[in-house]
Amino acid sequence: MNILVVIEHSQGSIHRLSKEAIVGAQSLGNKVTALVIGERSEKTITFLKACDIERVLTVDHELVKSYNADGYASIVSQVIVTLSPNLIIAGHTYQTRDFMPRVSAKLRLPFVPDIVSVSDNKYIKQVLNAKLNAEISSSMNQFILSFQSAAFSEEDLKLGSCDSEVYEPSLDSSVVRSKSEEPFQEEAGDVDLESAEILVSVGRGIEKEENISLAFDLAKAIGAEVSASRPVVDSGWIDSFRQVGSSGSNVAPKLYFSLGISGAIQHVVGMKGAKSILAINKDPDAPIFEIADYAVVGDVLEIVPRLIESLDNS
Amino acid sequence: MKIAVLVKQVPGSESSLPINESNDWIDESSITYVMNPPDNFALEEALIIKEKIGSGEVVVVSMGPSRVQKVIREGLAKGADRGIHIQEDEFIETDPLVISERFTDALKSENFDLILTGLQSDDTGMGQTGILIGEMLGLSTATLVIQTDLSQDKIKVKRELESGWFQWVELPLPASISIQSGLNTPRYPSLKGIMGAKKKEIKIVSTSSLTTGAKVQAIDKIFVPATSKQTEVIEGDLDHVVGRIVDIMKSEVKVI
C-alpha cells in the first residue's frame, strides 16, 4: 500500500500530530512518502529522513513560503496525481481542516476526518458529541484520512533512513487568491506545554480567578507546567498559550493532573495521549472520569491546598 | 450583498440517542432536534454583517426531511430574509461530497457573495461542507474565523490557529467562510420576528432534482464506545485522598 503523509510544521518544528500520522502510515502501508511544504523546514526534513519511510518530498516555492489554503490545496492535489497513493494521511489539525476539503473537492476523493482508530479497513470516528462511535468506510480505493490526536502513539515510531527529493509544483499567483498575513500571538509566552512531563491543568471547577494560583502552587511543588481548558482562557483568567484542546496545544505528558475540568470532547482530543490522567472533579458524571486513570470525586479547592501542604512537608 | 447561511438540524445535547434497528444511525423517532449550535454563530455573523452594511439579503439554507423547516423558520424569526429547504425524504445523506454537490447545484444560480457555515455539525462532525462547496463553486475559502471585516469586494477575516496563534487573511468575494463558535452572541428571536417569519418564503428544492456524483463514503455502523481504561476511584477522607495522590505520583507514575 502506497501512502502519502502530508506533514505540518510551524516555527521550525514538526507538528506532534504529523509524527503520529507517520506512525499510522507505517502501521497501514509499506511505502510511505512524507510531503513537507514551505520554508524553515530543515529540522522537520532531518527528523523525517531518520524515519522508516520510503522518502521525503519537499516543496519550497515562493507562493507557499508560509501556509495558505489555496497554495497547499493545489500542491497536495498535484502530488496525489503524480504519486497515485492509495491513502493520503494527515493529523487532524486546524491546518488540515482548512485545506484538505479543498483537495477532496478538487480530486473528488473522500475525506474521512478525525479518525480515532483503524482496524481491518474500518475507520472509527466519534459522532454525536463523542457519545457514540461510527464505523466509516469508503467505496474508493484512494481516499484521504486525518487522525485525531493520540490515534497512534509517537512512541511507536519506527526509525530508519531515507532520502529527500525536491518536488516542483506548477503554481502561479492566480491560484493564491487569498492574502495571508503572518501568524501572531496575542499574548507571547515561552511555555512549552507539548514537552512538559507533568501538567497541572485547570478547568471551570476552579470557580474564581483568584483560585488559579492554587494550580501554580501545585505545579511548583511537583515541577509541572500549568495548562487550562478553554472556558478558563475565555474568562481571561489565564493566558491563551496555556490552552489545551482542539484550539490549543496537543499534549502528551507523563501525568496530566486535571483540576475541575469536565472533559468536553474539544478538550479531551488535546490531552488524551497523556500516559496517566489524574482527575479531580465534583461531578461524578463528568466525562473526564471516562478517560482518567485515577478519579477523585471531590472539591479541588479543598483537596489541592492540603496536597500542596503535604508535599511541602515531605 | 447576498449571504447564504447553511444550517443543519441535529439532535440536542440533552436528547437521548437510541441506536436504530439496522445499527447504522440513531432512531429518528425519539430524538429532540435543535439548530446545530456552531451554525447559530454563523447565522448571527451573517445578520451582523447585513446590519452593518444596512442592506442585502440573508438566506437560510438547510437540507433534510420536513422537520428541518423548523430551524429555517428559527433563522427567519431571527431576521433572515428567506429560506431554501433542500428536501431529503427517505435517506439522510452523510457523504460530505454528495451533500456538498447538492448544495452547490441548488445554490449556484443564486450567485451568493458570501456563504457562511458553522465549524462542524454536532452529529457527524465531518467539518468540511462549507469548504467543499467553496471549492466546487470556485470561491475563496477560510475556516475557524473569529472576526470578519467586510469591504466592497473583499472580506478580511481573523483565523484562529492552534496554541494561541492567530492570522489575518484577506479573501476576494465571493467567498465561503466557516465560522469558529463563540465569536459572537447569537440573538433570540423576538415575538415580532416569530410572527414575521411565518410570512417569509421557504423555497423547497427536492434532492431528486439535483445532480451529484456517486456516494463514496458511508457510515456502516454506530456503537457505544467501550471504555478501555481501568479507572481507580480514590475515595475516603481528605487525608487518605491526599496520601494516595502523593503515593501515585511517587511510586506509580513516578514523576516526583
Could you give the Stokes-Einstein D for the range B:2-209 in µm² per second, using the C-alpha Kirkwood radius, 25 °C, 0.890 mPa s?
141 µm²/s
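What ranking do A:Ser13, A:Ser173 get, fewest neighbouring Cβ atoms within 10 angstrom at the top? Don't skip to the answer; put the middle values down first.
Numbers: A:Ser13 14, A:Ser173 10.
In increasing order of surrounding Cβ atoms, one gets A:Ser173, A:Ser13.
Considering Cα pairs under 8 angstrom that are at least six residues apart, work out the relative contact order of the range A:2-166 and quote it in whole percent.
The value is 31 percent.
Report the full-extension gain for the segment B:Ala226 to B:Lys156: residue separation times 0.36 nm, less the Cα-Cα distance, to one decimal in nm.
Length gained between B:Ala226 and B:Lys156: 20.8 nm.
Counting alpha carbon pairs within less than 8 Å and at least 6 residues apart, what relative contact order, in whole percent, applies to the range A:84-146?
42 percent
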How compact is chain A by the rule of thumb for globular proteins, expressed as Cα Rg over 2.2 N^0.38 Å?
1.07
Rounded Å value of the spacing that divides the Cα centres of the range B:93-168 and the range A:290-308:
41 Å
Taking the number of other C-beta atoms within 10 Å as the exposure measure, put A:Glu210, A:Glu309, B:Glu93 in order starting with the fewest.
A:Glu210, A:Glu309, B:Glu93
Would you list A:Cys51, A:Cys162 from fewest to most Cβ contacts within 10 Å?
A:Cys162, A:Cys51
Taking every pair of distinct Cα atoms and averaging 1/r, then inverting, what Kirkwood hydrodynamic radius in Å comes out for the range B:1-103?
14.7 Å
Cβ-Cβ cut-off under 12 Å around B:Gly138, Lys and Arg +1, Asp and Glu -1: the net charge is +2
0 to 90° range, to nearest 10: angle between helix A:300-313 axis and chain A longest Cα axis:
80 degrees
Compute the relative contact order of the range A:193-313 as a whole-number percentage, counting only Cα pairs closer than 8 Å that sit 6 or more residues apart in sequence.
25 percent
Counted charge near A:Ile115, where neighbours are those whose Cβ lies closer than 15 Å (Asp, Glu -1; Lys, Arg +1)
0
Angle between chain A longest axis and helix A:94-107 axis [Cα atoms, degrees, rounded to 10]
30 degrees
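Please give me the summed charge of the neighbours of B:Ile155: other residues whose Cβ is under 13 Å from its Cβ, Lys and Arg +1, Asp and Glu -1. Please report the intermediate quantities before stating the final value.
Numbers: positive: A:Arg177, A:Lys179, B:Lys52, B:Lys154, B:Lys156, B:Lys158, B:Arg159; negative: B:Glu45, B:Asp113, B:Asp149, B:Asp153, B:Glu170.
Neighbourhood net charge equals +2.
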Specify the inter-centroid distance of the range A:17-46 and the range A:166-191, based on alpha-carbon positions, in whole Å.
20 Å
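Coordinate-derived values only; no laboratory data. Because the structure is a prediction, the values reported are computed rather than measured. As a convention, Cβ positions derive from the backbone with ideal geometry for all residues, glycine included, and neighbour counts pool all protein chains shown.
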